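Rule-based calculations on the coordinates, nothing more; no lab input. Quick caveat, the model's predicted, so the values are computed rather than measured. Reconstructed Cβ throughout: ideal geometry from the backbone, glycine too, with neighbour counts over all protein chains shown.
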Amino acid sequence: MGSIQRRLNAISEAHKAFGTDSPTSAGIVRAPLKGIRRTLLVSPVQKTPVPTDDIRAMMDSSDAGMIGLRDRALVLIGFAAAFRRSELVGLAVEDCAFSKDGLTITLRRSKTDPEGQGRRIGIPYGSNPETCLMRVLQAWIELAGVGAGALFRSINRHGHVQPGLLAPIDVARVVKKLALRAGLDPAKYAGHSLRAGHATSAAIAGASDRSIMNQTGHRSVQMVRRYIREGSLFRENSAGKLGL
């Protein structure tokens, strides 16, 4: 259905360019499309958000040594900053600034910022040293010896940090690996689970949609409110007032 809609959009844009009415808005076209949508309508496959408790379990299940340290830093920054996979692997050491208030990350380019205007994301110190992104990330940078360039890198079988960047799919692999070790079903989780988990967990904790959008970079409040609804399923539930 998505490819059909894209083609219709292209037809519509082409007619607009020539200053003519698009046939895609005509009833003879729209009526059959409604039937096609009803026939093909399926719920989009959504990966399960990772809540804070499961993030802690994943941290406890990570490898020892260099790989474990990198994986913990990768997952924590993806969760705390609500980054997309491409944003995570595109980070450079120079994008991270540490201060007494916490970590400031400059995201130089993202899906919703194709012109590269950039935005800054703040992450305060965590209360638990094991899940505090500031401490874990500083330890990774120091131990890996990455003073500049790509923040997250591949590691060979001998535990040596390589110059090459991670690929977006590597984020999903790390999440699935740690989910499995934490006793979760890895098929339900992927890289987006970190971003979705941030929004859902923040909503459960009572964060406003504005503050969530400031962190995730969402431009549409509708998308963020979907996460808020998920997080509020049991927090604001009339069935709990029925006395059952």
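Mind giving me the nanometre distance, one decimal, between the label points for ARG56 and THR106, set 7 Å out from Cα along Cα→Cβ?
Those two pseudo-labels are separated by 3.6 nm.
With a Cα-only, solvent-free Debye model of region 152-191, what are the log10 I(q)/I(0) values at q = 0.17, 0.21, 0.23, 0.34 Å⁻¹?
Those come out to -0.51, -0.69, -0.76, -1.01, one per q.
Show the residues, 5+ positions off or on another chain, whose built amide H is closer than 5 Å to the amide H of ALA92.
LEU151
Put a dot 7 Å past each Cα toward the Cβ at ASN128 and VAL221; how far apart are the dots in nm?
The answer from the label model is 3.3 nm.
Could you tell me the largest-minus-smallest coordinate of the C-alpha atoms of region 140-217 on each of the three principal axes, in descending order and whole angstroms?
Extents along the principal axes: 43, 31, 19 Å.
For a Förster distance of 25 Å, can you work out the FRET efficiency between the beta-carbons of GLN117 and SER211, rounded to the nearest 0.05?
0.75
Take LEU244 and LEU143, extend 7 Å from each Cα along the Cα→Cβ direction, and tell me the distance between the two endpoints in nm.
A separation of 4.7 nm, rounded to one decimal place.
Could I get the Rg over Rh figure for region 52-231? Both from C-alpha atoms, Rh via Kirkwood, rounded to two places.
0.94
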